[in-house]
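I have placed the structure first, in the form of structure tokens, so that the comments after it can refer back to it.
The values are calculated or read from the model by the stated rules, or taken from the named source; none is laboratory data. This is a predicted model, so every value here is computed, not measured. Quick reminder, even Gly has a Cβ in these numbers, built from the backbone with ideal geometry, and neighbours come from all protein chains shown.
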Amino acid sequence: MTNNPGSAKRKICVVITARPSYSRIKTALKAIQDHPELELQLVVAASALLDRYGSAVNYIEADGFEIAAKVFNILEGENLTAAAKTTGIGILELSTVFDNLSPDIVVTVADRFETMATAISASYMNIPLAHIQGGEVTGNIDEKVRHAITKLADYHLVASEGAKERVLKLGENPDFVINTGCPSIDIAAEVAASPEFNFNPLTKYGGVGANVDFNGKYIVVMQHPVTNEYAQSRSHIEETLAAVNELKVPTFWFWPNVDAGSDGTSKGIRSFREKYGPEHIHFFKNMEPADFLRLLINSSCLIGNSSVGIRECAYLGVPVVNIGSRQNRRDRGNNVLDVSYGREEIKSAITQWLDAPRPEPSMVYGGGDAGKKIANLLNQFPLTFHKTIAY
């Protein structure tokens, strides 16, 4: 069912809470914005607004998106208590935002703790809720959040066939469970079609550290704390730092997300940088999504535990050394070597990829047209906010 000709546009409120969420949804935002029967209401919240986590809001505005509301709800502390309280503040603030905007559908993205606030607020306000990237499994607190949002959501726009099967097993209506692929693959497809460097990462993004040569072999590191292992976050990152330092390969290193344990990860990086002053590592807070993928496709491999290694790198055929438990059981291509937190195992896996041919690209997360699919579905779904379990 679509809107009647001449009727008011259907208002789609999308909440972005962190820098990864923006890359996951950017092409869908553009498709919603361009759709003749939809009105985009973009809300930016939580760490997406903070400079210390890369100021994703600046890239959002630079891409031409008008922001309907900003929600400052991050509570400092970077521990489990702060995460829980941040979620509570988010419910309070987002409820006011939704009351003011009166959206027809609210869209929440993925599985970060802040997204739970979006889902709870919309559900209690009887606003239909669409969840993007439900049904995936990882083995940490994000999985609880993800599956809880599935039960709160009315529409499920999943990124893989495995995810679709899990959402259906949770009892959701098959009419509203659609495998659209992941919108981040849309950007990856554009980069894959023209992979050459068209920017200088050092001059465009600054950062700190050595003047790393990006024209030869180099690696990229992005490692986040694991929420159910947050007390070990510093020791985890120190093992990765030691492995990379011993290899002396030119390296671009990215700051972690705001999660319980990110303070330990950040302190480990700062301490290492001050103690060793590595001449082969450059550190960044953030990059525009397309630039980051261009950096990845030209790299020798990605090291860490970011989902970009599982999603976009699969499509791009970028080798990945996936460390620890953060991406456990997530659907993946053949581009991933899984290792524990030990420096010798990490170093061995990096060396293996440096000497190996690049893996074949995989379309496990779609083929590059998810954004338009999502916009069309948001226009077609009947507006409903009540579910039963009698499917």
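State all residues of segment 157-175 that are of a type outside the set (A, V, I, L, M, F, W, C) and more than 17 Å from the chain's Cα centre (by Cα); if no residue qualifies, say none.
Answer for segment 157-175, where residues must be of a type outside the set (A, V, I, L, M, F, W, C) and more than 17 Å from the chain's Cα centre (by Cα): GLU161, GLY162, LYS164, GLU165, ARG166, LYS169, GLY171, GLU172, ASN173, PRO174, ASP175.
Starting from residues that are within 17 Å of the chain's Cα centre (by Cα) and outside any helix (DSSP H, G or I), keep the ones in segment 176-198 and report whichever is surrounded by the most Cβ atoms within 10 Å (Cβ to Cβ).
Only one residue tops the list, namely CYS182.
When you go through (1) buried (at least 22 other Cβ atoms within 10 Å of the Cβ); (2) at pLDDT 95 or above one by one for SER348, which number turns out not to apply?
It fails just one condition, (1).
With respect to the numbered conditions (1) farther than 25 Å from PHE199 by Cα; (2) out of contact with any helix residue (DSSP H, G or I) (no Cβ under 6 Å at 6 or more places or on another chain); (3) of a type outside the set (Val, Ile, Thr), which one is the sole condition not fulfilled by GLU238?
GLU238 satisfies every listed condition except (2).
Go through the residues of segment 141-156 one by one and say whether even a single one is buried (at least 24 other Cβ atoms within 10 Å of the Cβ), among the polar types (S, T, N, Q), within 24 Å of ASP259 (Cα to Cα) and touching a helix residue (DSSP H, G or I) at 6+ places or on another chain (Cβ under 8 Å).
no
Report, by residue number, each residue of segment 78-118 that is over 30 Å from GLU37 (Cα atoms), among the hydrophobic types (A, V, I, L, M, F, W, C) and either touching a residue at least 40 places away in the same chain (Cβ under 8 Å) or crowded, with 20+ Cβ neighbours inside 10 Å (or both).
Result: LEU80, ALA82, ALA83, PHE113.
Is it the case, given these coordinates, that GLY304 is outside the structural domain of GLY77 (by TED's automatic domain parsing) and either surrounded by fewer than 18 Cβ atoms within 10 Å (Cβ to Cβ) or touching a Gly at 6+ places or on another chain (Cβ under 6 Å) (or both)?
Criteria not met by GLY304.
Going through segment 94-141 one residue at a time, which ones are touching a Gly at 6+ places or on another chain (Cβ under 9 Å) and small (Gly, Ala, Ser)?
ALA110, ALA117, SER121, GLY135 - these are the residues of segment 94-141 that are touching a Gly at 6+ places or on another chain (Cβ under 9 Å) and small (Gly, Ala, Ser).
Can you tell me which condition TRP255 does not meet? The list is (1) touching a His at 6+ places or on another chain (Cβ under 8 Å); (2) closer than 26 Å to SER184 by Cα, and all the others hold.
(1)
Could you say whether any residue in segment 371-390 is outside any helix (DSSP H, G or I), in contact with a helix residue (DSSP H, G or I) (Cβ under 6 Å, 6 or more places away or on another chain) and not polar (S, T, N, Q)?
no
Being modelled with pLDDT under 95 and in the same structural domain as GLY324 (by TED's automatic domain parsing) is true for just one of THR227, THR251, THR203, THR240. Which residue is that?
THR227
If I ask for residues that are among the aliphatic types (A, V, I, L, M) and in a strand (DSSP E or B), which ones from segment 304-337 would you list?
Correct list: VAL320, VAL321, ILE323, VAL336, LEU337.
Can you run down the residue pairs with Cβ atoms below 8 Å, 6 or more apart or on separate chains, where the first is in segment 274-302 and over 30 Å from ALA193 (Cβ atoms) and the partner is basic (Lys, Arg)?
Going by the 8 Å Cβ cut-off, the qualifying pairs are HIS280/LYS248; ILE281/ARG273.
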